[in-house]
Amino acid sequence: MSLTLIAPPAEEPVSLAELKAHLKIDGADEDALLSGLILAARRTLEAKFGLALVAQTWRLALDAAPAAPVVLSLSPVLSIDSVGAARGGVIEALPSSAYEAVAGAVGRVLIKAPVVSDRALDGAVIVFTAGWANAAAVPEELKLAMKILAAHYYETREGEAEPPNVAPLVAPYRQVRL
């Protein structure tokens, strides 16, 4: 199984101006550094909590035929863009009637049994868009978590201190697996 980013977000949930206001920084001397810290904070939150903050497109490739619904590992899921079947090393796009897809807080895809049984299915490929539609739609708690992490990275540039616990801010939005 592999998860590959196809199209990154077009914008960051927290703008440079918002982070500078949070840090009470005037001037443009450290804009490049601050932009990098915004990116690092977003990627940290996304990786640690299984989130996608702003719309981004991903490809999930499964090595074997899924026997049960596939739960997508990022949330929220805006759309299931395509589902393909891997047969003999070739990916064939499946018609929408061959699978059931659910987007939302937790995305799921179920490839229907007749599709799986008519010919050998080696695996599947699911392309989906995850995240909030745009930066304005990202919940304020997640933006605050990003600002807190970026501020921590700014203050401890050598990484000598443990990052602050932002889990309580993120908890309402993360997918919990049992």
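Determine whether ALA32 is of a type outside the set (D, E, K, R) and in contact with an Asp or Glu (Cβ under 9 Å, 6 or more places away or on another chain). No, not satisfied. Whenever a residue of segment 88-117 is part of a loop (DSSP other than H, G, I, E, B) and modelled with pLDDT of 95 or more, its partners that are of a type in the set (Ser, Thr, Tyr) and surrounded by fewer than 16 Cβ atoms within 10 Å (Cβ to Cβ), lying with C-beta atoms within less than 7 angstrom and at least six residues away or across chains, give the pairs ALA103/SER79.
The lone criterion from (1) assigned to a loop (DSSP other than H, G, I, E, B); (2) at pLDDT 95 or above left unmet by TYR154 is number (1). Residues in segment 36-56: is at least one among the basic types (Lys, Arg) and not assigned by TED's automatic domain parsing to the domain that holds ILE148? No, segment 36-56 contains no residue that is among the basic types (Lys, Arg) and not assigned by TED's automatic domain parsing to the domain that holds ILE148.
Based on what the data block shows, is LEU74 in contact with a strand residue (DSSP E or B) (Cβ under 6 Å, 6 or more places away or on another chain) and either of a type in the set (Asp, Glu) or closer than 20 Å to SER2 by Cβ (or both)? Steps first, answer last, please.
Details: in contact with a strand residue (DSSP E or B) (Cβ under 6 Å, 6 or more places away or on another chain): yes; either of a type in the set (Asp, Glu) or closer than 20 Å to SER2 by Cβ (or both): yes.
Answer is yes for this residue.
Candidates are the residues of segment 118-134 that are surrounded by 12 or more Cβ atoms within 10 Å (Cβ to Cβ) and over 21 Å from ARG42 (Cβ atoms); the one that is modelled with the lowest pLDDT is LEU121.
Quick one: would you say ALA137 is modelled with pLDDT of 95 or more and in contact with a Phe, Trp or Tyr (Cβ under 7 Å, 6 or more places away or on another chain)? Steps first, please.
Values: modelled with pLDDT of 95 or more: yes; in contact with a Phe, Trp or Tyr (Cβ under 7 Å, 6 or more places away or on another chain): no.
So ALA137 does not fit the description; no.
Which residues, counting only those in segment 144-170, are within 15 Å of the chain's Cα centre (by Cα) and either exposed (fewer than 13 other Cβ atoms within 10 Å of the Cβ) or closer than 16 Å to LEU16 by Cα (or both)? Walk me through it before giving the result.
Here is the first cut: in segment 144-170, the residues within 15 Å of the chain's Cα centre (by Cα) are 146, 170.
Listed by number, the list holds a single entry, MET146.
Restricting attention to segment 25-58, the residues being assigned to a loop (DSSP other than H, G, I, E, B) and farther than 22 Å from PHE128 by Cβ number 6.
Quick one: which residue in ALA68, ALA61 is in contact (Cβ under 8 Å) with a residue 12 or more places away in the chain and assigned to a loop (DSSP other than H, G, I, E, B)? Give the derivation first.
Details: ALA61 fails: assigned to a loop (DSSP other than H, G, I, E, B).
Only one candidate passes the filter, namely ALA68.
The values are calculated or read from the model by the stated rules, or taken from the named source; none is laboratory data. Since the structure is predicted, the reported quantities are computational estimates derived from the model, not experimental observations. Cβ sites come from the backbone with ideal geometry, for glycine too, and all protein chains shown count toward neighbours.
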